[in-house]
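Data first, discussion second: the structure below is written as structure tokens.
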Amino acid sequence: MKNPFLAILAAASFSVVSAADQPNILYIMSDDHAAHAVGAYGSRLAELNPTPTIDRLADEGMLFENAFCTNAICSPSRACVLTGQYPHTNGAYDLSGGIEGGRQYLAIEMKKAGYETGMVGKWHLKEEPSDFDFYTVLPGQGDYHNPTFRVRGEKGWPNDTFKVDDTHSSDAITDITLDWLKEGRETEKPFFLMHHYKAPHDYFEHAERYNDYLKDIDIPEPENLWLENQPDFGSIATLGYEGELVPHIGTSIGIRNPRRSYAVDLPQRFPKDFPAGYDPANYTKSEIKRMSYNAYLKNFLRCVKGVDDNLARLFAYLEESGEMDNTVIVYTGDQGFMLGEHDYQDKRWMYEESMRMPFLIRYPESIEAGTRTNAIVENVDFAPTLLDFAGAGTPAYMQGASFKEVCETGSEPEGWKQEAYYRYWMHMAHHDNPGHLGIRTKTHKLIFFYGCDYEGGYRTPPAWELYDLEKDPYENVNVYDDPAYAAVVSELKDRLDHLREKVGDTGEDFPEAEKVIQAFWDYDGEDQAEAIGLSAMYKESRERELAEMAAKKKAKAKKK
């Protein structure tokens with residue numbers, strides 16, 4: 001497939017030779033591809049061999065075990081990567097966030113360093129990617145099939161577009177990148193290319209050639225898919241005082257959440273993955289949940305398969321052109337994804353499967369093959385690191401730091417960060433996740449569900465959760481109230497307080513929300529009593545909302 005706008009950029013044909021003293025840099029990012037769905041990470045899914053091409057980067061480079069996003073939602077994470085700044089600094093708090101020209105800092109600094117810059121695929125930052133030399137991007141979320149792309153042209157953003165018929169987005173995005181690499185760039189310069197897939201974002205509309213992939217396979221389940229297997233998980237913030245919020249916090253795989261669950265959504269979208277004539281009335285809740293889980297994972301992994309196969313095409317070109325070993329290649333996701341753990345779908349949570357990002361990097365010139373590191377890195381560190389590989393320094397306005405030394409030596413520089421900061425702002429939006437923030441160290445995770453929107457409203461019960469990641473890597477046991485962890489709680493609260501100050505999340509941007517945070521920080525008996533009252537109040541308000549939704553749905557159906 002040819003991009004009709006490549007001719008605008010390519011005035012002549014050049015031999016494929018890049019600057020000798022600077023590597024090309026290829027930054028590959030998929031949407032919602034969790035680390036535990038990458039074979040090299042050795043999770044329960046590794047036995048399915050879902051990512052042989054991506055795994056090559058681990059075999060021939062370095063795998064990061066502790067790479068984290070600072071906010072597990074698409075636009076904020078992408079903004080962090082592009083700016084090297086936390087969401088409260090770059091202003092992309094949620095899905096409405098955008099980064100306009102002049103603030104697309106990674107592209108700007110790469111150009112200063114002598115690179116030709118490109119952006120292909122999912123952009124999701126509202127404004128024109130005008131600081132890139134070349135771009136071809138999906139509008140908004142974009143379509144999986146027959147996608148339309150926005151390009152630079154005479155009509156001006158966002159009006160110059162072209163559509164690719166009879167093609168899946170993963171194939172189209174790879175075709176566009178290959179066209180640019182072969183014909184569209186000035187190859188006397190090294191390239192910096194951000195190559196972003198829409199896949200495997202829900203609802204997992206894979207290419208038809210993968211319809212039978214994993215068809216007869218039972219996907220390995222996480223033990224904590226089942227609530228009864230995790231009686232000590234969560235808190236009043238996520239479960240309610242006596243379990244009354246279990247149906248209302250976090251969208252579900254099974255039918256736990258009456259507002260949104262894969263048990264309702266997926267049979268309509270993927271009937272091929274359910275029994276012929278499927279009728280939920282004929283099955284138990286457990287049977288429905290198991291079928292929904294398998295449909296979820298199979299279609300998710302079919303999208304992953306499409307990404308992996310397309311990367312094989314991309315890597316084959318780099319091999320043929322002689323550029324594979326002179327290119328720093330990064331593979332990551334914009335955040336993690338809950339693949340059934342705790343009966344949750346989607347991301348947003350600070351829980352490990354959502355906060356953790358895959359991060360693999362290959363550059364045989366200076367990175368030893370088959371190495372791993374447990375150094376803590378955040379997505380705000382990606383831009384400084386890529387700039388470092390380009391031979392450029394980190395601008396003062398970036399909050400992240402380069403971890404190039406970790407890549408090349410396997411050791412952390414003196415004074416390297418020992419914790420990651422997290423904050424999710426979109427309180428109870430879309431997937432029913434309460435607002436929360438927290439700190440993640442190599443051994444523990446402390447989460448504070450403060451439970452309010454930007455203006456301090458729409459309250460859910462606040463609570464703290466502490467997980468001992470050495471004893472409990474799947475975060476099934478909240479030990480916040482365990483007396484044995486009192487010293488750990490005290491230490492981590494103090495570190496979290498100082499970390500907030502260090503990264504600049506002072507609360508000044510949304511003072512009403514900050515008042516709630518400070519009011520429940522100590523979480524004494526009076527705070528807990530108020531949380532119990534808020535739990536009952538939220539249950540009542542959510543049930544009213546659901547009743548109103550059902551009435552509107554019934555009225556609409558009656559009109560038809």
Mind listing the phi-derived Karplus ³J(HN,Hα) values for segment 478-485, rounded to whole Hz, using 6.51, -1.76 and 1.60 with θ = phi - 60°, and x for any glycine or proline? 7, 9, 4, 8, 6, x, 5, 10
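Dividing the alpha-carbon radius of gyration of segment 421-544 by 2.2 N^0.38 Å (N being the number of residues), what value is obtained?
Working: Rg = 14.5 Å, N = 124, 2.2 N^0.38 = 13.7 Å.
The reported ratio for this selection is 1.06.
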Normalised by the residues of the chain, what does the relative contact order come to in percent, with Cα pairs under 8 Å and at least six apart? 21 percent
Gap in Å between the Cα centre of segment 423-443 and the Cα centre of segment 81-140? 24 Å
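I need the chymotrypsin sites (Phe, Trp or Tyr not before Pro) found in segment 373-415, filtered to DSSP loop residues with at most 12 other beta carbons within 10 Å of theirs. Please list the in-between numbers first.
Numbers: sites: Phe382, Phe389, Tyr397, Phe403; in loops: Tyr397, Phe403.
Loop-located and lightly packed - Tyr397.
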Backbone HN-Hα couplings from phi across segment 358-365 [Karplus 6.51/-1.76/1.60, Hz, Gly and Pro as x]: x, 8, 10, 9, 10, 6, x, 4
For Tyr480, what residues show an amide H to amide H distance below 5 Å, using hydrogens built from the backbone and excluding near sequence neighbours? Leu466
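What is the extension gain from Asp482 to Glu319, computed as 0.36 nm multiplied by their sequence separation minus the C-alpha to C-alpha distance, in nm to one decimal? Present the calculation step by step, with values, prior to reporting the outcome.
Numbers: separation 163, 0.36 × 163 = 58.68 nm, distance 5.52 nm.
Working it through step by step, the gained length comes to 53.2 nm.
Can you tell me, using C-alpha contacts under 8 Å and at least 6 residues apart, the relative contact order of segment 421-544 as a whole percent? Before the final figure, lay out the partial values.
On the way: 170 pairs, mean separation 27.5, N = 124.
Value for segment 421-544: 22 percent.
Between Asp509 and Ile532, what is 0.36 nm times their sequence separation minus the Cα-Cα distance? Round to one decimal in nm.
5.5 nm
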Summing -39500 (n - 2.57) over every DSSP H run of at least 4 residues in the chain and dividing by its residue count gives a helix-only mean residue ellipticity at 222 nm, to the nearest 500 deg cm²/dmol, of -9500 deg cm²/dmol
List the trypsin sites (Lys or Arg not before Pro) within segment 213-291 that DSSP assigns to loop and that have no more than 16 neighbouring Cβ atoms inside 10 Å. Lys215, Arg259, Arg260
Please express the Cα-Cα pair-distance distribution P(r) of segment 43-131 as a list of whole percents, one per 10 Å bin, running from 0 to the bin with the greatest distance. 15, 35, 32, 17, 1
Compactness ratio of segment 322-463: Cα Rg over 2.2 N^0.38 Å, N = residue count? 1.23
Along the charge dipole of the chain, pointing to its positive end and built from +1/-1 on Cβ of Lys, Arg, Asp and Glu, which listed residue (Pro275, Tyr523, Thr327) has its Cα farthest out? Pro275
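So what's the net charge close to His196: Lys and Arg +1, Asp and Glu -1, counting the other residues with Cβ under 10 Å from its Cβ? Numbers along the way, then the final one.
Working: positive: Arg78, Lys122, Lys198; negative: Asp31, Asp334.
Every neighbour counted, the sum reads +1.
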Structure-derived Rg and Dmax of the Cα atoms in Å: which label, when the choices are (1) 25.3, 86; (2) 23.5, 73; (3) 24.7, 75: (2)
How tilted is helix 525-559 with respect to the longest principal axis of the chain? Cα atoms for both, answer in degrees (0 to 90, nearest 10). 70 degrees
Helix 169-179 against the longest principal axis of the chain: what's the angle in degrees, Cα atoms only, rounded to the nearest 10? 20 degrees
When the Karplus curve 6.51 cos²θ - 1.76 cosθ + 1.60 is applied with θ = phi - 60°, which whole-Hz ³J(HN,Hα) does each residue of segment 92-106 get, with x for Gly and Pro? 8, 6, 8, 5, 7, x, x, 10, 7, x, x, 10, 8, 5, 5
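All of the numbers you see were taken from the coordinates with simple rules; none came from a lab. The structure displayed is predicted, hence computed values, not measured ones. For neighbour counting, all protein chains shown are included, and Cβ atoms are generated from backbone atoms with ideal geometry for every residue, glycine included.
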